[in-house]
Structure formats: structure tokens, C-alpha cells
Amino acid sequence: MKIITKIIGITVIIAAIAGLIICIGGIVGVWMVRGPLATGLTNTFDLLGTTLKATSDGISVADQSLSQAANTVTALENTIRTMGKAVGDSVPLVDSLSTLTGKDLPDAILATQSALTSAQSSARSVESTLTLLTAFPLLPIDPYQPEVPLTDALGEVSASLDPIPQSFAAMEDSLRTSKGNLIMLSAQVAVIANNVGELKTNLADAQKVVTQYQTNLATLQHQIDATLTSLPQFINIMAWLLTVIFVWLGLTQVGLLYQGIEMVGEEIG
């Protein structure tokens, strides 16, 4: 029994001495690591802060680019819508011109030719009368012998109007084709304007996301700055706390060492 007590005492002494060595080494290690650890953490947070600053600058440039793009797209949308309105307003004008050349003007030409035909009949009667009157030898009037009889002149005028309705018909076809093209163009311009409007909406959404990123980065940068400010003090507090813990553990090892010595001393005694 005394041998077992002696062995236990020696074991306690060895364990206590090992514990004291560990505690002393821990204290020395804490204060040796404190400086390099503080420097390493400071450098790490500095690098992180620099990275966040560069990221924030990049996002600021992106935000400016998005703002410029949004302004450009807004101006483009307004221009396209103005052009579409101009094209749409041209359709009634072309429609009116088509009606004018397809019906009103040809009707006016036909009415003119009808009037010329009537005038030609009247002129034939007048010319017959003048020819008859100037044929009397008792009247001191030269015979009525015009180079171009009025009847023929009116007929030539009426005949010269014949191609005009065909020209108006061709013009009407062109105007109707132009009207269809203008309607199609107006619809296509409206679609383009709507697409540009959607692009403007997407740009606005992207600007909101960029603004959120800027807010988050600013918050994170503030937290890093605060951490850098308090980091040395925090490391010192942790070093002293670990030192106190190691001292307390060392004191407990002293108690164990004293108990081991007592156990061995009792055995020797």
C-alpha cells in the first residue's frame, strides 16, 4: 500500500511539474504570439478594407454608367415615340391624298371633260352660225376661217385630259401602298418604343441593386474600420485573459505538486 501511495505521489509530482511547464510556456507563447498575431490580423483587415474600397469604386463607376445609359435610353425612347407619332399622324394625310387622287380629282377631270364636250357642241353651233353669216357678200366682214376651229381646240383640250385619270389612279395605288407601309412602320416603331421602355425599366432595377450593394459595402467598410480600431485592444485583453487562465492553472499545479510531495514524504517518513 505504501509503494502504491509513493507511486501515486511521484506521478502527481511529475504531472504537476509538467503542468507548470505548460502554463509557463503558455504564458510565454501568448505574449510572443500577441505581436505577430496583431500585425497579421491588422494586415488582413487592411487588405480586406482595400478590396472593399476598390469594389465600391467599381460599383460607383457602374452606377454612373447605368445612370448615363438610363438617360440615353430615355432620350431614345422619347425620340422613337415622337417619330412613331409623326408616322401615325401622316397616315390620315396619306389617306386624304389617296381619296383626293382616287376619286375627287378624277371626278373633277371627268366633269371638266363633260363640260368641254358640251362647250364643243355649243362651239360647233356658233362656228356654223359665224361661217354662215360671214358668207354673205353684203356684209363687210371677212369670212370666218380660223386656223384651228374652236370645236377642234376644245376637243384637243378634252383629249389632253384623258391620261390624267390614269396618272391619278397610279398615284392612288402608290399612296395606298404608302399608307399600308406607314401603318406597318408605325406599329413596328411602337414595338421598338415598348422594348426600349422595358430596357429602361431593367436599367432602373439594376440601379436599385447597385444602390443596395453600395449600402452593404459601406456598412461592411464601417464595420472593418471599427474592427481595425478596436483590434489591438481586443488582442491585449485576450492575451491578459489567457495569462490569467494559465496563472490560475499554474497555481492549481502548485497545489498538486504540494500534495504529491506530501504523499512521497509520508511514505519516506
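The values are calculated or read from the model by the stated rules, or taken from the named source; none is laboratory data. Source: prediction; values computed, not measured. Quick reminder, even Gly has a Cβ in these numbers, built from the backbone with ideal geometry, and neighbours come from all protein chains shown.
Each row is one residue, and each column tells you yes or no for (1) in contact with a Ser or Thr (Cβ under 9 Å, 6 or more places away or on another chain); (2) exposed (fewer than 15 other Cβ atoms within 10 Å of the Cβ); (3) on the phi > 0 side of the Ramachandran plot.
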| site | (1), (2), (3) |
| --- | --- |
| 228 | yes, no, no |
| 235 | no, no, no |
| 247 | no, yes, no |
| 250 | no, no, no |
| 253 | no, no, no |
| 257 | no, no, no |
| 264 | yes, no, no |
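For the stretch 140-171, filtered to residues that are modelled with pLDDT of 65 or more and part of a loop (DSSP other than H, G, I, E, B), the residue that is farthest from residue 111 (Cα to Cα) is 147.
Out of the residues in the stretch 1-28 that are of a type in the set (Gly, Ala, Ser) and surrounded by 13 or more Cβ atoms within 10 Å (Cβ to Cβ), state the one that is farthest from residue 242 (Cα to Cα). Applying the filter and picking the extreme gives 9. For the condition at pLDDT below 80, of a type in the set (D, E, K, R), in a helix (DSSP H, G or I) and more than 30 Å from residue 188 (Cα to Cα), residue 6 qualifies. For the stretch 149-203, filtered to residues that are aliphatic (A, V, I, L, M) and more than 57 Å from the chain's Cα centre (by Cα), the residue that is surrounded by the most Cβ atoms within 10 Å (Cβ to Cβ) is 154. Does the stretch 49-62 contain any residue that is at pLDDT 80 or above, on the phi < 0 side of the Ramachandran plot and touching an Asp or Glu at 6+ places or on another chain (Cβ under 9 Å)? Scanning the stretch 49-62 turns up at least one residue that is at pLDDT 80 or above, on the phi < 0 side of the Ramachandran plot and touching an Asp or Glu at 6+ places or on another chain (Cβ under 9 Å). Looking at 179, 208, just one residue is farther than 30 Å from residue 29 by Cα, in a helix (DSSP H, G or I) and modelled with pLDDT of 80 or more, and that residue is 208.
Only one entry of 41, 37 meets the criterion of being in a helix (DSSP H, G or I) and surrounded by 16 or more Cβ atoms within 10 Å (Cβ to Cβ), and that entry is 41. When each of 66, 97 is tested for being surrounded by 12 or more Cβ atoms within 10 Å (Cβ to Cβ), in contact with an Asp or Glu (Cβ under 9 Å, 6 or more places away or on another chain), under 30 Å from residue 193 (Cβ atoms) and not acidic (Asp, Glu), the lone residue that passes is 97. Of (1) within 59 Å of the chain's Cα centre (by Cα); (2) among the hydrophobic types (A, V, I, L, M, F, W, C); (3) surrounded by 12 or more Cβ atoms within 10 Å (Cβ to Cβ); (4) under 23 Å from residue 32 (Cβ atoms), residue 217 satisfies all except one. Which? Residue 217 satisfies all of (1) within 59 Å of the chain's Cα centre (by Cα); (2) among the hydrophobic types (A, V, I, L, M, F, W, C); (3) surrounded by 12 or more Cβ atoms within 10 Å (Cβ to Cβ); (4) under 23 Å from residue 32 (Cβ atoms) except (4).
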